1. Residue by residue through the stretch 233-241, what is 3J(HN,Hα) from phi via Karplus (6.51 cos²θ - 1.76 cosθ + 1.60, θ = phi - 60°)? Round to whole Hz and write x for glycine and proline.
2. I need the peptides 266-276, 152-162 ranked by packing, meaning the mean over residues of other C-beta atoms within 10 angstrom, with the highest value on top.
3. For the pair GLN168/LYS239, report the inter-label distance in nm, with labels modelled 7 Å from Cα in the Cβ direction.
4. I need the peptides 278-285, 323-330 ranked by packing, meaning the mean over residues of other C-beta atoms within 10 angstrom, with the highest value on top.
5. Less than 15 Å Cβ to Cβ from ALA266, Lys/Arg counted +1 and Asp/Glu -1: what total charge do the surrounding residues give?
6. What nm value, rounded to one decimal, do you get for the distance between LYS159 and ILE331 when each label is placed 7 Å out toward the C-beta?
Amino acid sequence: MGFRYRRSIRVGKGVRLNISKKGIGVSVGFKGARIGVGPRGLIRTYSIPGTSISYIKQTSFKSKRNRSGSIRSSNSDTGNFSSNKASSGDKTFYFQKQKTNEKKWLVLGIISLFFAFVNPGFIVFLLLFAFLYYRGLNNPENRSKKLYNKALELFLNKKFSKALTLLQRSVEYFEDNIFSHFILAIIYHDQNQFDQAIRHIDKYISRNPNDIAAKFIKADCFFESQQYELAIDLLQSFKFYSEEYEINRILLLGKCYFNLEKYDIAIEQFKKAPIMKKKINEDILECKYWLGVSYYKTGDKKKAKTQLAKVYAENSNFLEVEKYAEELGLI
């Protein structure tokens, strides 16, 4: 059983200096209501005089973390993780500013200043607040968040080099700022520094293991660095609930098998995409292209001709479709 030490010293009307093993605190108020600041944070106590009924609310000065442990659940998709899509003004959960302590401290500062004017004894409370204010705003986590918020604005305005510098400083101050790691992964991916991108996205995934958009970024890093087997393992571990993003997963998985010269498996993957849709977007067009090229590689020129003819009709300049169209006698 541990020993406890606590002493309360009255330093003015309604003001008490509280000393304990955990540190020094100050409380102010009157019978039935009291507010205090100490090592554990801000404590408000309300009671009904003459009864044993009371209500205590405590607010920690430490920044609140994401309580769910995940920025994005596995039941929803984002997919807007590339710098081009992010900077187009598409507001996703990944690109929101982090809350810092300024507003909270401003409110507490106004309260402290008011009490100091009402009763000179509250000056002790005000001095303690000033100390905690300085300490709160300059703690590593708060500094990291402020740097992240500045970097985010630069990132969304396509000033990636400046954003990169601030984000690197952000994770130096606070290694667990996973928002910074997420955007660092995107920037390094766009700069073809895939090892660095994987290192940062791993930091993010370690805190958000169910985030499938982050897993897709990592898989794409594996693909671009020609680690196809690793990309396949990761891509097979999840599916997007949105058809729009699921097409991207199917396409990347099929291309992994294609580059490993496993053309029959690649064909089966590309066929999973909604290639029969009348409305063709860029992703479906690419699925049709790689499906046609995969048929070509297996020697099935009839099916290759069917798929590549549709691609050529849609966009004659798409990848190398013109070369295959000539070889298949389409032009």
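1. Karplus values, whole Hz, x for Gly and Pro: 4, 6, 5, 7, 8, 7, 9, 7, 7.
2. 266-276, 152-162
3. Reported label-point gap for GLN168 and LYS239 is 4.2 nm.
4. Taking the mean over residues of other Cβ atoms within 10 Å, the ranking is 323-330, 278-285.
5. +2
6. 4.4 nm
Throughout, read-outs are computed from the coordinates displayed, never taken from laboratory work. The structure presented is a predicted model; accordingly, all values stated were derived computationally and were not measured. Note: ideal-geometry Cβ built from the backbone for every residue, glycine included; neighbour counts use all protein chains shown.
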